[in-house]
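Worksheet for the structure shown next.
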Amino acid sequence: DQPHFDDPHGGRERRDLRHGALRFTEEDSAWFPDAQRIAVVAGRERRGPKRLFVWSIEPGAAPRALSAEGQLSSPVVSPDGRKVVVKAGVKGVLVCPVDGGPSRIVPGVTPEDVPIRWSGDGRWLYVQPEAPGPHEWAMRGRIDRIEIATGTREPWRELMPADPAGVFGIGGAFITPDGKSYAYEFWSSV
C-alpha cells in the first residue's frame, strides 16, 4: 500500500519507495527540485507520530531523518532544495535544514497554518489555515504569505468561486513560483 512515484519532470520511470515499517501517503511527500530526492513525512502507523525524512530515489537508498517524531504533515521543499517546511501540529510550521543543523519554528505562523509552497525566491512561505470543525480536510479560503526570516505576515488572496452557494470547503491551492497564478479546488453541496 506504499505509493509509487513518477518522475516530476516527465520521465516514464516509476519507482516504489519502501523501507522497513515506515508508512506514508503521497499527500505527505514533496519532490526536491533535482527530482532525485523526495521529502516524506512517515511513521510506523498511519495515524501515529511521524518524522520528516529525505529519501533518494536511487534503488536501495534508505531515508534520512530530518526531524524528531511529532504530529507532522504537509512537507514543502524550498526552491533551492536546502530546506523543508512541515506542519508540526499545534507548534506551527517547522523549517528543517536538509544538510543538518537545528530545526526551528517559522515566526509568524499559527497552529492552524498549513504550508502550501515557497515563493520562487525562497523569501516567503504561502500558508492556508485549516478550517475549524469536524472536517479536518476543509480549508478556509484565505491564503497569507509569511516572510521566513522575519515572520512578517500579509494577506495574499481570498479564494472563493464566483458562485459561492453551497461551498463548504476550499483547499488544494496550487500557486506558481512567481505568485502570479493559482488554482484551487472546492467542495459544494449544490
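Here, each number is a calculation from the coordinates, and none is a lab measurement. All values derive from a computational prediction rather than experimental measurement. Here Cβ is always computed from backbone atoms with ideal geometry, including for glycine, and neighbour counts include all displayed protein chains.
Order these peptides, 172-184, 116-128, by their mean beta-carbon neighbour count within 10 angstrom, highest first.
116-128, 172-184
Per-residue HN-Hα couplings for segment 109-114, Karplus 6.51 cos²θ - 1.76 cosθ + 1.60 at θ = phi - 60°, whole Hz, x for Gly and Pro?
8, 10, x, 7, 5, 10
If you plug each phi of segment 141-151 into the Karplus form 6.51 cos²θ - 1.76 cosθ + 1.60 with θ = phi - 60°, what whole-Hz ³J(HN,Hα) values come out, in order, with x for Gly and Pro?
x, 8, 10, 10, 10, 10, 6, 4, 6, 10, x
Would you pull out the residues with amide H under 5 Å of Gly169's amide H, same chain only if 5 or more places away, H placed 1.01 Å from N?
Trp187
Expected output is a single nm value to one decimal: the length gained when fully extending between Met160 and Arg82, i.e. 0.36 nm times separation in residues minus the C-alpha distance. What is it?
Taking 0.36 nm per residue and subtracting the Cα distance, the gain is 24.7 nm.
Using a 10 Å cut-off on Cβ atoms, rank the peptides 65-78, 47-60 from the highest mean neighbour count down.
65-78, 47-60
Can you work out the Karplus-derived ³J(HN,Hα) for every residue in segment 64-71? Use 6.51 cos²θ - 1.76 cosθ + 1.60 with θ = phi - 60°, whole Hz, and x for glycine or proline.
10, 6, 10, 9, 7, 5, x, 8
Taking amide H atoms as placed 1.01 Å from N in the peptide plane, list the residues 5 or more away in sequence, or in a different chain, whose amide H sits under 5 Å from that of Ser67.
Here the answer is Leu52, since their amide H atoms fall under 5 Å of that of Ser67.
Based on the Cα coordinates of segment 29-159, what is the per residue volume of their convex hull in Å³?
Enclosed volume per residue, from the Cα hull, is 114 Å³.
Lysines within cross-link reach of Lys91: Cα-Cα under 16 Å, excluding same-chain residues under 8 positions apart?
Lys50
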